[in-house]
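We did not get these values from a lab; they are worked out from the coordinates using the rules stated. Worth saying up front: this structure is predicted, and the values here are computed from it rather than measured. FYI the Cβ positions are ideal-geometry reconstructions off the backbone, even for glycines, and counts take in every protein chain you see.
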Amino acid sequence: MAKTDVLIGAPIKATGGVMHAPLGSTMPTDAKAALDGAFVKGGFVGEDGLTRSINAQDEKIKAWGGDTIRVVRSEHSVVYKLVFLESANADTLKLLFGKDNVEVSGQDITVKVKSDQVPRRAFVFDMKDGEFKIREAVQDGQLSMSGDVQYVHSNIIKYEVEIEAFPDENGVKAIQYISKPAN
């Protein structure tokens, strides 16, 4: 018998696995419902997909003699990593560099590269495995570019990014929803 609860994380659509919206947008409450109209597609993502890293560092407090008497959490973060592939998509560039730094005039795009951080946004990552749906929602995320942008004749221009998830008033940084198909 096949194990049906073992899933892969393929995007729902090649250009629609990563969506973003202004902070305060209505967030999803399940894996299948349509998103608030404020969410827009982020563009094509590289073949390595999306990586969620949870970094929890705990420190052991020891008593005289070396016994551990307490463990305290000193750090916790939730970070998503991905690579955007669309270097001539104005909407993708506005996400990466800030909407005020991208100007579109007809078919021409001008990008101003500054040291300012882009505004924090809400993010949704939609994935599937057959009829299973997986959705991760980040109510408050800070995008930053984390790698080199290489211009060469033998590869496309890519933007490596990280999205740091910030906690809400209840300490929730991200929510994962999984919808199983009906039997």
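How high is the relative contact order of the chain, given as a whole-number percent (alpha carbon pairs under 8 Å, six or more residues apart)?
Reported relative contact order: 24 percent.
Can you divide the C-alpha Rg of the range 14-88 by 2.2 N^0.38 Å and report the result to two decimal places?
1.75
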Shape metrics for the chain, restricted to C-alpha atoms - Rg then Dmax, Å: 19.4, 73
For the range 34-142, state what percent of all Cα-Cα pairs lands in each successive 10 Å bin, counting from 0 Å until the bin that includes the largest distance. 11, 31, 28, 15, 10, 5, 1, 0
Simple spin-label model, 7 Å along Cα-to-Cβ: Val152 to Leu23 in nm? 3.8
The range 13-54, relative contact order in percent, only Cα pairs under 8 angstrom and at least six apart counted: 49
Would you calculate, for the chain, the mean residue ellipticity at 222 nm contributed by helices, counting each DSSP H stretch of 4 or more residues as -39,500 (n - 2.57) and dividing by all residues, to the nearest 500? -1000 deg cm²/dmol
Residues His76, His153 in order from fewest to most other beta-carbon atoms within 10 Å are His153, His76
What's the longest bit of the chain with no exposed trypsin sites (Lys or Arg not before Pro), using DSSP loop states and at most 12 other Cβ atoms within 10 Å as the test? 33-111
Ratio Rg/Rh, restricted to the range 17-57 and using Cα atoms, in which Rh is the Kirkwood radius: 1.03
Please say if the range 115-183 is rounded, prolate or oblate, where rounded means a/c under 1.5 for a ≥ b ≥ c the square roots of the C-alpha gyration tensor eigenvalues, and otherwise the choice is prolate for a/b larger than b/c and oblate otherwise? oblate
Output ³J(HN,Hα) for the range 140-154: one whole-Hz value per residue in order, computed from phi by the Karplus curve 6.51 cos²θ - 1.76 cosθ + 1.60 with θ = phi - 60°, and x for Gly and Pro. 9, x, 10, 8, 9, 7, 10, x, 6, 9, 9, 10, 9, 6, 9
Ignoring the sites themselves, what is the longest stretch of the chain with no GluC sites (Glu not before Pro) in a DSSP loop and at most 11 other beta-carbon atoms within 10 Å? 48-130
Chymotrypsin sites (Phe, Trp or Tyr not before Pro) restricted to DSSP loop in the range 77-174 with at most 11 other C-beta within 10 Å: Tyr151
